[in-house]
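Right, one structure below, let's go through it.
Nothing in this text is a laboratory measurement; each read-out follows from the coordinates by a stated rule. A quick note: this is a predicted structure, and the numbers were derived from the prediction, not measured. Here the Cβ is made from the backbone with ideal geometry for all residues, glycine too, and neighbour counts use every protein chain on show.
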Amino acid sequence: MVTAPENRSPSKGAMRTTCYITRFIVNLGHDGARSNSRSQIALLFAVQADLCFFWEITKEVDRLLNDWIEHARGDLLGLNRPESIYAYKKGARPSVEPSVLAWLGLLASGDERSAAADRAGALKAANWMEAIQHADGSLPVAPEIQNPAWTTSHATLLWSALSGFDVARHRAANRLLRTEGRILPRNDPAAALFGHDVTAVGWPWVEGTHSWVEPTAMAILALCREGLASHSRVDAGIHLLLDRSLKRGGWNFGNSVVFGRELRPQPGPSGLALLALAARRADSPECRRGIDYLRATLGEIRTCVSLSWGVLGLRAWDACPREAESWLAESYQRYGVRRDQAVGLGLLLLAAAEPSLELLFPRNETMTRDRDRLHGGAPAQPERTTS
C-alpha cells in the first residue's frame, strides 16, 4: 500500500496532470487498451511523488470508468429501429428476446433525463410484442419464427415493467401455466442415462421436449412477477431447479449428470437459476453452493451474457462482490467490434443498474391484487404437453 508523506498535498499542476493522464488512459480503453481495474490506475498515479494522494482523485477515476454505462446506452440506442425493436445483430430481423433485454437494460440504467424517452421506446416495443402475441397467449421468437415460444416469459417481464398490458400479461401467464416440459416414467430405460428426477416438471425450449434450466428459470421469474409465486407450477419449477443443481455448485444448461459423469457448471444458467430461486425466496444448500461457485468463477469471466446473468444472480442474494463493477466495465471494453449485439449490451446494463431487480422481482401487494383480478384468485389448470 502506498502512503502519503505527512503535511504534504499535491500541487495543482500535479492534480491537473493526474486528470490528463486519467483521461488519456480511459480514452485508450475505448480502443481496447484500458487498464483492468481502478486500483491499477490509482497505483500508476501513486508511484509519482507529486501524486501520492491518489485517493483524492478516486471520484474522478470512478466517474471516468463509469462512463462505459453511458457509452453502452449510446451503442444500444444506436441499434434501435424506428419502431423501437431490436434484432440479435445489426441487419437481422427483429426478435422478442433482444428487444426485451435491451429495453429492460435501458429502463434500469437511465436517469431523470432519459426516463421519458426510455419509457416511450419501451412502450413501442411492448406494443409490437402485443401485436404479434398468439391467440393462446404465447409469444413467438420473432414474427417470422412462430415456434418455439419460449420468449413468452421475456415479453411478460417487459409488459410488467410498464403500466397497462393487463390482458396481454394475463394471457401470457396463463399460457405459461399450461406449458410443461415432457417427463419420462421412472421405469423408462432412458431415465437411467440422466442423473436427475425425470418426472420433474419445468419449462422446455421447444414444446414436447424435456425441461431445461434457463426457460424454467425465466418462467418462474415471469410468474412470480405476476403474483403467482405460490402457484403449484412455480413449486414444481423450484423443485426442478434444486434437483438439477450440481454437487460441486452451480448449474449446467439442462442435465446434471450424463452417463454417470457430473457436468460442469456454467455461469449463465447458474445466475438465472439463482435469480429465480431468489424471486421465490427459496434459500437452500443448493443456492449457497451456487453462490460460492459464482463468487469463485466470475472474476475470470468477461463474456457479456454469462457475466451479466451471474452478477444478477449474486445481486439477488446480496452476495455480489464490489469488484463486479469493474468486471462489467471490462466486459464492455472487450466487446469491441461486437457492440452490434443488443442482448449483451442490454444484459450488461441490467446487471450494472441498481433498479434492475425491481424490474425482475415480484411487486408484493400490487402484484397480488393483479393476480386476484386477472386470474380470479384461482390458479389456472396446467395442460401437459407431450409428444
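I need the shape label for the range 67-375. Rule: rounded when a/c is under 1.5, else prolate if a/b > b/c, else oblate, with a, b, c from the alpha carbon gyration tensor. Oblate.
Given their separation in residues at 0.36 nm each and the Cα-Cα distance between them, GLU300 and GLU112 gain 64.3 nm when the chain is fully extended. The length gained by stretching the chain between ASP243 and THR199 to full extension, at 0.36 nm per residue less their Cα-Cα distance, is 14.8 nm. Here the gap between ASP235 and ARG334, fully extended at 0.36 nm per residue and compared with their Cα-Cα distance, gives a gain of 31.7 nm. Label positions at ILE145 and ARG281, each projected 7 Å from the Cα along the C-beta direction, are separated by 3.8 nm. When the Cα positions of ALA135, HIS154, ALA122 are compared along the charge dipole of the range 90-165, ALA122 comes out farthest toward the positive end, with charges on each C-beta of Lys, Arg, Asp and Glu. Residues ILE85, ILE220, arranged from fewest to most other Cβ atoms within 10 angstrom of their Cβ, appear as ILE85, ILE220. Does the range 304-349 classify as rounded, prolate or oblate by the C-alpha gyration tensor (a ≥ b ≥ c root eigenvalues; a/c under 1.5 gives rounded; else a/b over b/c gives prolate, otherwise oblate)? Oblate is the answer for the range 304-349, as a/c is 1.5 or above yet b/c matches or exceeds a/b.
Where both bridge residues fall in the range 67-375, DSSP classifies roughly 75% of the beta bridges as antiparallel. Counting every other Cβ atom within 10 Å of each residue's Cβ, ILE145, ILE291 order from fewest to most as ILE145, ILE291. Spin-label model, ALA190/LYS89: points 7 Å from Cα along the beta carbon direction are separated by 3.3 nm.
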